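Undergrad: Next up is a structure, given as structure tokens.
Here, each number is a calculation from the coordinates, and none is a lab measurement. In this text, all values refer to a predicted model and were calculated from it rather than measured experimentally. Cβ: placed from backbone, ideal geometry, glycine included. Neighbour counts: every protein chain shown.
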Amino acid sequence: MKKITYAATALMLAATPVFAQSEAEMEESGVIGMTPIALGIATPVQIPWGINRWDVFGLDINLFYSDAPKMYGIDIGGLAELTRDTAIGLLVGGLANVAYDDVYGMRATLGLNYGQKGIWGLEAGLVGVRDNLHGVDISALGTYQRSVCGLQIGGLANVATVESYGLTVAGLANLAKTAYGLQLALLFNMTEELHGAQIAIVNYTEDCPSGFQIGLVNIILQNRLPVLPIINGYF
């Protein structure tokens with residue numbers, strides 16, 4: 001196992017990058033090794049040098065853009081931050097947080113939180129887009145994902161293309177293929193299958209094996225009385 005020690009510089013302070021993988025593994029992944037500190041203007045203009053080639057176990061701060069494979073610790077990008085492998089910790093991007101793999105911890109931004117895989121923890125931003133969420137999401141405009149389990153608050157709308165577990169709150173609408181728990185919206189809730197409750201001006205589901213709706217118009221297509229005002233439920 002080779003080790004490389006970089007001389008201290010004004011930007012680097014006391015970081016000492018070391019090889020974390022075998023030569024064969026590094027050649028395959030493109031990762032050089034790991035570092036406890038990465039500081040710079042925008043990856044790869046940073047110390048240590050190298051775009052998305054250093055796993056960071058500690059602190060990563062770039063003035064504009066931060067890009068790392070694995071990130072365990074605190075990652076701050078002035079405009080955006082990106083993680084290509086598993087990320088654990090606090091991730092902050094001014095306008096966007098992007099994750100190509102699972103994230104555990106907290107992500108915050110004034111813009112987009114995007115994840116190609118799972119998010120476990122807390123997210124806050126303008127818009128949230130991911131494969132699945134386990135935890136809490138607060139998005140000023142809304143969210144879009146395959147599935148969600150936990151608490152979700154969207155200023156305008158929340159969309160789950162497969163299933164929703166827990167509490168989803170929206171300023172206008174909640175949409176989910178299957179909902180388990182409570183959908184709470186000002187205007188409209190819609191599911192194909194409801195196991196729980198919907199509260200809005202208009203509530204719609206095709207089937208309700210268990211649960212109820214409260215609103216001005218409540219629609220359960222496969223019910224003895226498909227449309228009822230005030231309250232409708234399985235019977």
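Undergrad: Run the numbers for LEU90 and GLU192: contour at 0.36 nm per residue of separation, minus the present Cα-Cα distance, in nm.
TA: Details: separation 102, 0.36 × 102 = 36.72 nm, distance 3.61 nm.
Roughly 33.1 nm would be gained on extension.
Undergrad: What list of ³J(HN,Hα) couplings, whole Hz, do you get for segment 109-125 from phi and the Karplus terms 6.51, -1.76, 1.60, once you set θ to phi - 60° and write x for glycine and proline?
TA: 7, 8, x, 9, 9, 10, x, 7, 10, x, 10, 10, x, 10, 10, 9, x
Undergrad: What does the net charge come to around PRO44 if you take all other residues with beta carbon closer than 9 Å to its beta carbon, with K and R at +1 and D and E at -1?
TA: Numbers: positive: ARG53; negative: ASP67.
Counting the neighbours of PRO44, the net charge comes to 0.
Undergrad: Summing +1 for each Lys or Arg and -1 for each Asp or Glu, what net charge is found among the other residues whose Cβ lies under 14 Å from the Cβ of LYS177?
TA: Once positives and negatives cancel, what remains is -4.
Undergrad: Another question, if that's okay. Distance between Cα centroids, segment 183-212 to segment 92-111: provide it in whole Å.
TA: 31
Undergrad: What residues have an amide H closer than 5 Å to that of TYR234, excluding those fewer than 5 places away on the same chain, when H is modeled at 1.01 Å from N in the peptide plane?
TA: Placed amide hydrogens put GLY211 under 5 Å from TYR234.
Undergrad: Another question about this same structure. Using all C-alpha to C-alpha distances in segment 72-139, build P(r) with 5 Å bins and read off the rounded percent in each one.
TA: The distribution over segment 72-139 is 5, 21, 37, 29, 8, 0, given as percents.
Undergrad: Looking only at Cα atoms, what is the convex hull volume of segment 147-223 per residue, in Å³?
TA: Values: hull volume 4.4 nm³, N = 77.
Dividing the Cα hull volume of segment 147-223 by its residues yields 57 Å³.
Undergrad: In addition: So if we plug the beta-carbon distance of PHE64 and VAL162 into 1/(1 + (r/R0)^6) with R0 = 25 Å, what FRET efficiency do we get, rounded to 0.05?
TA: Details: r = 36 Å, r/R0 = 1.43.
Given R0 = 25 Å and the Cβ-Cβ separation, E is 0.10.
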